[in-house]
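Here's the structure, in structure tokens; my notes come after.
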Amino acid sequence: GLPASLGEIFTHAKSFGGSVFSLAASVMRLLIHHDPTCFPQLQSAGLPAVYLAAIRDEAIPSSEVLASVPNTLTALCLNTQGLEMVRSQSAG
């Protein structure tokens with residue numbers, strides 16, 4: 001399904017490139033903004049963790065990816081669990 005596909009893109013960011021990675025981040029962000037109750041499903045699929053690992057590890061040095069990070073992090077932080085994930089990544 002969609003979460004698995006997004007997870008593959010985040011996991012293999014270098015293979016897909018900056019454009020596809022940033023589009024996948026936008027899809028995840030829009031899902032969260034339009035239906036905040038979907039966060040648990042995204043989290044159970046591992047999407048927030050895989051996304052955060054990819055940006056932490058600077059998987060793709062791309063202006064498109066860099067431009068998508070603030071809005072995606074904001075969407076993740078709308079949920080308490082997402083906020084804690086983002087905080088733990090920035091502290092580590």
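For region 56-62, in order, what is each residue's ³J(HN,Hα) by Karplus, 6.51 cos²θ - 1.76 cosθ + 1.60 with θ = phi - 60°, in whole Hz (x at glycine and Pro)?
Along region 56-62, the couplings run 5, 7, 6, 4, 9, x, 9 Hz.
Express in nm, to one decimal, how much length is gained between S15 and L2 on full extension, taking 0.36 nm for each residue of separation and deducting their alpha carbon distance.
2.9 nm
In Å², what does the accessible area per residue of the chain work out to with a 1.4 Å probe?
Numbers: 5130 Å² over 92 residues.
Value for the chain: 56 Å² per residue.
Decide, for region 29-76, between rounded, prolate and oblate: order the square roots of the alpha carbon gyration tensor eigenvalues as a ≥ b ≥ c, take rounded if a/c falls under 1.5, and otherwise choose prolate if a/b is larger than b/c, else oblate. Write down the numbers at each step before the final one.
Details: a/c = 3.25, a/b = 1.55, b/c = 2.10.
It is oblate, given that a/c is not under 1.5 and a/b is not larger than b/c.
Order the following by accessible area, largest value first: C77, C38. Probe radius 1.4 Å; ligands, DNA and RNA are ignored.
Values: C77 45, C38 20 Å².
Output order, biggest surface exposure first: C77, C38.
Measure off, as a whole percent, the carbon and sulfur share of the 1.4 Å-probe accessible area of the chain, all protein chains present.
Numbers: 3020 of 5130 Å².
C and S atoms contribute 59 percent here.
The values are calculated or read from the model by the stated rules, or taken from the named source; none is laboratory data. Every value quoted in this text rests on a predicted model; they were computed, and no experiment measured them. For accessibility, only protein heavy atoms count, side chains too; no ligands or nucleic acids. Shrake-Rupley method; radii C 1.70, N 1.55, O 1.52, S 1.80 Å.
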